[in-house]
2 protein chains.
Amino acid sequence: MITEIAQIDVKPGMEADFEAGVRQAKPIFMRAKGCKGLALHRSIEKPARYRLMIQWETLENHTVDFRGSDDFKAWRACVGHCFATPPEVEHTNTVLS
Amino acid sequence: MITEIAQIDVKPGMEADFEAGVRQAKPIFMRAKGCKGLALHRSIEKPARYRLMIQWETLENHTVDFRGSDDFKAWRACVGHCFATPPEVEHTNTVLS
């Protein structure tokens, strides 16, 4: 199991729009191949910064299957207008939980 | 519920020491006031980068109670020698899960 961690800074004043966009897009992820769940976290210290954490069965389920799908465009259509900068995306393995 | 996200870069070659130190320190967190769980993630793209994610009942359980306790020193004694740079710590609220 892989966790994608996307750090997303949104434009000033777009926080509510962004959160609504992620809620709207949740079914897009839940039907994606290998997607096992997602959570959206909002920074307390930097309230325009979010971290979207998505569990995938494999790295390729995100980087190949999802990014190559029409649903990736649908996801970006929900939230892309809120991004202040391109998201910083990393993938992790869980060492301890 | 608050999630602390600590981004920790370890010195080259210290990955196994760091992981062992976190395992050793787990009981320190589990007995801390307000601590509800922790997970350690290791970056795939940058294998010397970890994210320690800890759930706290309140922000102050981390920033005041834990950081002011002797157990904070005990935690740092387990892993501090592995840090390449000071950890970057942020706290988040969960917006959607």
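Across region B:20-48, which residue is surrounded by the most Cβ atoms within 10 Å (Cβ to Cβ) among those that are within 8 Å of another protein chain (Cβ to nearest Cβ) and farther than 14 Å from B:Glu4 by Cβ? Per the stated criteria, the residue is B:Arg42. Criterion first (at the interface with chain B (Cβ under 10 Å from one of its Cβ atoms) and charged (D, E, K, R)) does A:Lys73 satisfy it? So A:Lys73 does not fit the description; no. The numbered conditions (1) in a helix (DSSP H, G or I); (2) in contact with a Lys or Arg (Cβ under 9 Å, 6 or more places away or on another chain) are all true for B:Ala39 except (1). Please tell me if A:Ala16 is more than 9 Å from every other protein chain (Cβ to nearest Cβ), exposed (fewer than 15 other Cβ atoms within 10 Å of the Cβ), over 15 Å from the mean Cα position of the chain (by Cα) and under 22 Å from B:Thr94 (Cβ atoms). Judged against the criteria, A:Ala16 is a match. A:Glu4 falls short of the stated requirement of being assigned to a loop (DSSP other than H, G, I, E, B), modelled with pLDDT of 95 or more and within 11 Å of chain B (Cβ to nearest Cβ).
Checking each residue in region A:49-72 for being in contact with a Gly (Cβ under 9 Å, 6 or more places away or on another chain), surrounded by fewer than 19 Cβ atoms within 10 Å (Cβ to Cβ) and either closer than 14 Å to A:Ala6 by Cβ or of a type in the set (D, E, K, R) (or both) picks out A:Gln55, A:Glu57, A:Glu60, A:Asp65.
Selection of first residues in region A:1-30 that are closer than 14 Å to A:Val79 by Cβ and of second residues that are surrounded by 18 or more Cβ atoms within 10 Å (Cβ to Cβ) and among the acidic types (Asp, Glu), restricted to Cβ pairs under 7 Å at least 6 apart or on distinct chains, gives the following pairs, ordered by first then second residue: A:Ile28/A:Asp71.
The values are calculated or read from the model by the stated rules, or taken from the named source; none is laboratory data. Treat the numbers as computed from the prediction; the structure is a model and nothing was measured. Please note: Cβ atoms are built from the backbone with ideal geometry, for glycine as well, and neighbour counts cover all protein chains shown.
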